[in-house]
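Visitor: Dumping the structure here so I can ask a few things about it.
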Amino acid sequence: LVEDNDLNAEIAIELLNEEGMFIDRVKNGVECIEQIEKQPADYYSLILMNIQMPILDGYYTTQKIRRMNDPIRSHIPIIAMTANAFMDDKLKAKAVGMNGHVSKPINPELLINTILENKHD
């Protein structure tokens, strides 16, 4: 989970834990890249990515992940989790390499369904 807002992160983590998922949380794109590089290549099965964050936003972070030399890391499914809910936002998320888009406030059922459609096993 890449989320700079503590309350949003707490809500998402609680929801995902209830579904039996294990979560690592970072607060910006730089921390996300560092965490991906620190763990074994197949450690993460999916990334929930906020878009508007300090230091490195979700779009640019996704582009950096997609350009990684490791084919496993560069293909981790990434789902935008953002208040930006217009069609242009969804198209931009797709254009930078994101696999899905979930609008905030989070609809728990939609989030879980989007995760299940996109995660690596």
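The values are calculated or read from the model by the stated rules, or taken from the named source; none is laboratory data. Please read these numbers as outputs of a predicted model, since none were measured by experiment. No Cβ is skipped: glycine too gets one built from the backbone with ideal geometry, and neighbour counts run over all protein chains shown. Ligands, DNA and RNA are excluded from the accessible area calculation, which covers all protein heavy atoms including side chains. Shrake-Rupley method; radii C 1.70, N 1.55, O 1.52, S 1.80 Å.
Visitor: Based on a Kirkwood Rh over C-alpha pairs, give the Stokes-Einstein translational diffusion coefficient of the chain at 20 °C and viscosity 1.002 mPa s in µm²/s.
Guide: 152
Visitor: When you count, for each residue, the other Cβ atoms within 10 Å and take the mean per peptide, how do 36-43, 88-95 rank with the highest first?
Guide: So the peptides 36-43, 88-95, ranked by packing, come out 88-95, 36-43.
Visitor: So, for the chain, what is the accessible surface per residue at a probe of 1.4 Å, expressed in square angstrom?
Guide: 57
Visitor: Now for a different question. Heavy atoms only, probe 1.4 Å: what % of the accessible area of the chain goes to carbon and sulfur, would you let me know? Present the calculation step by step, with values, prior to reporting the outcome.
Guide: Details: 3500 of 6890 Å².
Answer for the chain: carbon and sulfur cover 51 percent of the accessible area.
Visitor: How far is it, in nm, from the label point at VAL30 to the one at MET87 when both lie 7 Å from their Cα along the line to the Cβ?
Guide: It is 3.8 nm.
Visitor: Enumerate the amide H contacts of HIS101 below 5 Å, restricted to partners 5 or more residues apart or on another chain; note that Pro and chain-start residues carry no placed amide H.
Guide: HN-HN under 5 Å from HIS101: ALA80.
Visitor: Can you tell me how segment 70-118 classifies by the Cα gyration tensor, rounded, prolate or oblate, using a/c under 1.5 as the rounded cut?
Guide: On the way: a/c = 2.74, a/b = 1.31, b/c = 2.09.
Oblate, since a/c reaches 1.5 and b/c is not below a/b.
Visitor: Here's a follow-up. Compute the Cα gyration tensor for segment 12-66, then decide on rounded, prolate or oblate, letting a ≥ b ≥ c be the square roots of its eigenvalues: rounded whenever a/c is under 1.5, prolate when a/b is larger than b/c in the other cases, and oblate in all that remain. Please report the intermediate quantities before stating the final value.
Guide: On the way: a/c = 2.16, a/b = 1.34, b/c = 1.62.
Oblate.
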